[in-house]
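The structure appears right after this line, and notes come after that.
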Amino acid sequence: MGNFVNIALPIPMKRLFTYHTEEDSVLVGVRALVPFGKKILTGIIVETNVAERDDAKPILELLDNNPVFSKKMLELTKWISDYYYASWGETLYAALPQGMSPQSVITVRIAKNIDDDDVSVMAKKAPRRAELLQLLRNHKGPLSVSYLQQQLNMDSVTSQLEALELDGTIEITRGIENAIQAKKQKAITISFSLLQNNEEFHNILNHLDSNAPKQSLLLSSLYLHAMHNRPHVLLQEILKETRTSSSAADSLVEKGYATYLEVEVQRTAEHSATNALAQGDESELPLTEEQAHAVRYIDSAITDKQSKTFLLHGVTGSGKTLVYLHAIKKTLAEQRTALMLVPEISLTPQLIDRFRSTFGDAVTVLHSKMSGGERYDAWRAIQRGDVQLVLGVRSALFAPLHNVGLIIVDEEHEHSYKQESPSPRYNARDCSVIRGIIENAVIVLGSATPSLESMYNAQTGKYHLLEIESRADGATLPDIQVVDMLEERKMKKVKSGFSSILLEHIKDRIVKKEGVILLQNRRGFAPHLECEDCGNVPQCYQCNVSLTYHKYSNQLRCHYCGWSKLAVKSCEVCGNAEMSIIGSGTQRIEEDLQQVLEQENKKAVIQRVDQDTTSKRGEMRKILEKFTNGDIDILVGTQMIAKGLNIPRVTLVGVINADLQLHIPDFRSGERTYQLLTQVAGRAGRDKSKRGEVLIQTNQPKHQAIISAKLGKYDIFYNDELQQRRDAQYPPFTRFVMIEFTGKNQELVHQHAHIFASYLPKISKAVLVLGPSKPNIDKIRGLFRRMIIVKGVKSEDSTGNALRHALNVAYSHYFQTDAVSTVRVIIDIDSYSAL
């Protein structure tokens, strides 16, 4: 008889698809391999026993015996897909580790010998086909269709492939990609009969002692492992332990004294066995009165098993992590699990060590630098219930923990919690609150510089505000000084971008062997090169942005699409022999500082910390360990070094240019500047015996973000910024939606943006529409862009229903009558960017 089920597929269509299976009993939350057009996709069964359909295709294979998604996780992913205008299938796909959603793949290779003449002849009658063929000739192995389309900058190569396949020039292979599997290794176990018969075991051992001592040693070791509840041991491990060979093991197996078996092993991400970046079990440290107050309220909510959201606002160095540790301990004591999110991978090496010092193997980590196999193994361990605490970045929101009692979002203000691409474009902080409600868990949002939205929610009673106004351990907040660089330049006190006062402080710390952190939130050597004669600035051919100069690799690189080329020595427009280096990135700051110090006979080990230097696995940990131990004197880095680091030897923080974000045309630029300055300032003076100092170099010393950071007064910034947001109708007083249109044809993109806008309300107090308009960067990755900004005014539409209705109507009208495949429409709810 079988069963008809609805399946969510990982495609941008907001609907479910009905399939048929011969299985009478099918569980919701199971993966299924299904045909979809010419493709094969992995979907998730979300509804069973649905109405029969004559056109329903059969499921090819059910991939699981038990659900990979619980009912609560299905509820969360459904909410995310509805709220953020994504398909349910896309959201479920994002919630699974890479490799758990196999799909069909098509690869192409040349099937016969092709020479230059053949390509030339084809180029005259079919230039696109010839271009594709040349690309295949330049590669030894087969290429995927998606790679061909990307390299040729084409939406589709189907017609070219069909023609080339028809005349036998190419061979197309269609198959299903391999899913990630559990890793297995060969293990060995002592025969059960020998464990049951002690006399027989000793007789065999005595015999082997005389005739095969290596076998005797190996058998004895197997016996001891079994007696210590290790019935099987990895073969490689025990051979190394006993210094015996595989032939000895083979002999034991042949004689029936031992048995080989395959066992599943977990691939583990790198971490320090000694927890080198931690200072012991911090949960044993005494709590301050303010910390104890926060812990009491959070523990009470955990005991009550009622969902409640706390905003923990504590100054930098106030010991928010200690509050987290106590809350997690309480949760685990209640036999529930805990999830902690951190904003960036740069935070995790030290946090991993600190949490493992307290919770040992009960904690596992999920982040993007893990291999696919490591993520898969960690995910399965969590789902099996082997793990009680998960520490991870944004995507760890979907960790399959059971019986969640606590969710912590550290540095909750960080914009990296917002997924920008691909769909779903969710905010992990806000979704953590929703998951907490679904799980009946307590949510703690922590920050020294809370987002305006979160603080406003606390001030209006939506969240419970907990404040810690003093640093822990008797340490004091650092002295912060603003350096007016306009005045410094007038007085000729600036050398290579460093004010005289900052240089003097750096030299002082070098002598004292104290740590220095210098922030320049721009990687590369310089923002761009420029011709002094004609003003030409090398641009990315795919994006309307200048190329960043990277001196050490001698490259000009686009930080939007990743395209790069060798740096030009002369102007490509006028031929001028010299190109000027404009501005400074982390590479240039590192080099200039080294030169300045050498000129003054000061030796220092300077280390750059940005995406370029930490892209290699484990590199961030190595750098932090060396800096903590004093092997590195100065860190020069981007915002990666501004948050979460707790290194007592740091007594000086310098901000090279505080204005980099200040004048970006984005309503959050002032907030982000204040948060970044406050966070990086908080790295100084963590040791109570050494007062920290912070020097902020700026051309805008009177800006409210700079003044508030200098004074260390969050409330001054919050109140001023809140009033400006109210006047300009920005969040938290409105819901901010950005609708983006992209395509290769600029005129078509422009036209479709206006068509969509025509379906949005013209005059409404509840829904305000701005645009369509051309964004500052109107071309990225070869695609032209147009934007519409829609604001839902909360005072007129408290539930958001009017905004949702307006978007639904416009979306429905447009996609029913006007949508074309060559223009992509992206609806970004609660957008974090207006660029």
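Every test in (1) closer than 30 Å to Leu677 by Cβ; (2) surrounded by fewer than 22 Cβ atoms within 10 Å (Cβ to Cβ) is passed by Gly319 save one, and that test is (2). Annotation: of all residues in region 664-676 being of a type in the set (S, T, N, Q) and without any contact (Cβ under 8 Å) to a residue 60 or more places away in the chain, the one that is surrounded by the fewest Cβ atoms within 10 Å (Cβ to Cβ) is Ser669.
Screening the candidates Thr321, Thr364 for the property of being over 13 Å from Val390 (Cα atoms), hydroxyl-bearing (Ser, Thr, Tyr) and modelled with pLDDT under 95 yields one hit, Thr321. Note on region 766-786: residues that are of a type in the set (A, V, I, L, M), farther than 22 Å from Tyr730 by Cα and open to solvent by 40 Å² or more (accessible area, probe 1.4 Å) amount to 1. Could we say that Glu619 is open to solvent by 30 Å² or more (accessible area, probe 1.4 Å), under 30 Å from the mean Cα position of the chain (by Cα) and either free of Cβ contacts under 8 Å to residues at least 24 places away in the same chain or closer than 20 Å to Leu351 by Cβ (or both) here? Spelling it out, Glu619 is indeed open to solvent by 30 Å² or more (accessible area, probe 1.4 Å), under 30 Å from the mean Cα position of the chain (by Cα) and either free of Cβ contacts under 8 Å to residues at least 24 places away in the same chain or closer than 20 Å to Leu351 by Cβ (or both).
Scanning region 787-806 for residues that are open to solvent by less than 10 Å² (accessible area, probe 1.4 Å) and more than 10 Å from Val767 (Cα to Cα) yields Met787, Ile788. Within region 689-716, residues that are under 14 Å from Leu677 (Cα atoms) and among the acidic types (Asp, Glu) have Cβ atoms under 8 Å from residues that are open to solvent by less than 10 Å² (accessible area, probe 1.4 Å) and not in a helix (DSSP H, G or I) in these pairs: Glu693/Thr651; Glu693/Leu652; Glu693/Val653; Glu693/Ala684; Glu693/Gly685, counting only partners at least 6 apart in sequence or on another chain.
Within region 427-447, can you find the residues that are open to solvent by 10 Å² or more (accessible area, probe 1.4 Å) and assigned to a loop (DSSP other than H, G, I, E, B)? Answer for region 427-447, where residues must be open to solvent by 10 Å² or more (accessible area, probe 1.4 Å) and assigned to a loop (DSSP other than H, G, I, E, B): just Asn440. Scanning region 374-416 for residues that are open to solvent by 10 Å² or more (accessible area, probe 1.4 Å), touching a Gly at 6+ places or on another chain (Cβ under 7 Å) and under 16 Å from Gln266 (Cβ atoms) yields one hit, Tyr376.
Residue-level check: of (1) over 13 Å from the mean Cα position of the chain (by Cα); (2) closer than 30 Å to Lys184 by Cα, Leu397 misses just (1).
Evaluate region 647-663: report whether one residue or more is surrounded by 21 or more Cβ atoms within 10 Å (Cβ to Cβ), farther than 24 Å from Arg588 by Cβ and under 25 Å from the mean Cα position of the chain (by Cα). Scanning region 647-663 turns up no residue that is surrounded by 21 or more Cβ atoms within 10 Å (Cβ to Cβ), farther than 24 Å from Arg588 by Cβ and under 25 Å from the mean Cα position of the chain (by Cα).
This table checks each residue for (1) part of a loop (DSSP other than H, G, I, E, B); (2) closer than 25 Å to Tyr417 by Cβ; (3) among the basic types (Lys, Arg).
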position: Glu453; (1), (2), (3): no, yes, no
position: Tyr456; (1), (2), (3): no, yes, no
position: Gly461; (1), (2), (3): yes, yes, no
position: Glu467; (1), (2), (3): no, yes, no
position: Ser470; (1), (2), (3): yes, no, no
position: Thr476; (1), (2), (3): yes, no, no
position: Gln481; (1), (2), (3): no, no, no
position: Glu487; (1), (2), (3): no, no, no
position: Lys507; (1), (2), (3): no, no, yes
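List the strands (runs of 3 or more DSSP E) that sit entirely inside region 531-590 and contain at least 1 residues that are open to solvent by 30 Å² or more (accessible area, probe 1.4 Å) and closer than 24 Å to Gln150 by Cα.
Correct list: 555-557, 564-566.
Of the helices (runs of 4 or more DSSP H) lying entirely inside region 684-765, those containing at least 2 residues that are crowded, with 18+ Cβ neighbours inside 10 Å, more than 30 Å from the chain's Cα centre (by Cα) and modelled with pLDDT of 95 or more are 746-758. What are the pairs with Cβ atoms under 8 angstrom where one residue, in region 789-812, is touching a residue at least 60 places away in the same chain (Cβ under 8 Å) and the other, located anywhere, is among the charged types (D, E, K, R) and buried (at least 19 other Cβ atoms within 10 Å of the Cβ)? Sequence gap at least six, or different chains. Close Cβ pairs (under 8 Å, with a partner that is among the charged types (D, E, K, R) and buried (at least 19 other Cβ atoms within 10 Å of the Cβ)) amount to Lys791/Arg735; Lys794/Arg735; Gly800/Arg735; Leu803/Arg735; Leu803/Asp797. Filtering region 201-260 to residues that are of a type in the set (Val, Ile, Thr), assigned to a helix (DSSP H, G or I) and surrounded by fewer than 17 Cβ atoms within 10 Å (Cβ to Cβ) leaves only Val253. Is there a residue in region 380-401 that is at pLDDT 95 or above, of a type in the set (Gly, Ala, Ser) and under 25 Å from Pro732 (Cβ atoms)? No, there is no match, as no residue in region 380-401 is at pLDDT 95 or above, of a type in the set (Gly, Ala, Ser) and under 25 Å from Pro732 (Cβ atoms). Taken together, the residues in region 591-601 that are surrounded by 16 or more Cβ atoms within 10 Å (Cβ to Cβ) and among the charged types (D, E, K, R) amount to 2. Annotation: Gly175 fulfils all but one of (1) open to solvent by 70 Å² or more (accessible area, probe 1.4 Å); (2) part of a strand (DSSP E or B); (3) modelled with pLDDT under 85; the unmet one is (1). For Leu143, state whether it is under 33 Å from the mean Cα position of the chain (by Cα), over 30 Å from Ile238 (Cβ atoms) and of a type in the set (A, V, I, L, M, F, W, C). So Leu143 passes the test. All of (1) in a strand (DSSP E or B); (2) more than 24 Å from Ile352 (Cβ to Cβ) hold for Tyr674 with one exception: (1).
Being open to solvent by 20 Å² or more (accessible area, probe 1.4 Å) and either of a type in the set (Phe, Trp, Tyr) or at pLDDT 90 or above (or both) is the requirement here; does Val605 meet it? In short, yes.
As a summary of the residue check, Ile188 satisfies the conditions (1) in contact with a Phe, Trp or Tyr (Cβ under 7 Å, 6 or more places away or on another chain); (2) open to solvent by less than 30 Å² (accessible area, probe 1.4 Å); (3) farther than 30 Å from Lys255 by Cα except for the one numbered (3). Residue check: Arg354 meets all listed conditions (1) buried (at least 24 other Cβ atoms within 10 Å of the Cβ); (2) outside any helix (DSSP H, G or I) but one, namely (2). Quick check on region 753-768. Is at least one of its residues closer than 26 Å to Trp563 by Cβ, out of contact with any Pro (no Cβ under 8 Å at 6 or more places or on another chain) and in contact (Cβ under 8 Å) with a residue 60 or more places away in the chain? Checked against the condition, which is being closer than 26 Å to Trp563 by Cβ, out of contact with any Pro (no Cβ under 8 Å at 6 or more places or on another chain) and in contact (Cβ under 8 Å) with a residue 60 or more places away in the chain, region 753-768 yields no hits at all.
Do we find that Glu420 is open to solvent by less than 10 Å² (accessible area, probe 1.4 Å), assigned to a loop (DSSP other than H, G, I, E, B) and charged (D, E, K, R) in this structure? Here the answer is no, as Glu420 does not meet what is asked. Within region 530-543, can one find any residue that is of a type outside the set (Asp, Glu), without any contact (Cβ under 8 Å) to a residue 40 or more places away in the chain, in contact with a Gly (Cβ under 7 Å, 6 or more places away or on another chain) and more than 30 Å from Leu322 (Cβ to Cβ)? Scanning region 530-543, I find no residue that is of a type outside the set (Asp, Glu), without any contact (Cβ under 8 Å) to a residue 40 or more places away in the chain, in contact with a Gly (Cβ under 7 Å, 6 or more places away or on another chain) and more than 30 Å from Leu322 (Cβ to Cβ), so the answer is no. Val390 fulfils the conditions (1) closer than 18 Å to Ala441 by Cα; (2) part of a helix (DSSP H, G or I); (3) not small (Gly, Ala, Ser) except for a single criterion, (2).
The values are calculated or read from the model by the stated rules, or taken from the named source; none is laboratory data. Predicted model, so just to flag it, every value in this text is computed and none were measured. Note that each Cβ is placed from the backbone with ideal geometry, even for glycine, and that neighbours are counted across all protein chains shown. The area values use the complete protein model at the heavy-atom level, side chains included, leaving out ligands, DNA and RNA. Shrake-Rupley method; radii C 1.70, N 1.55, O 1.52, S 1.80 Å.
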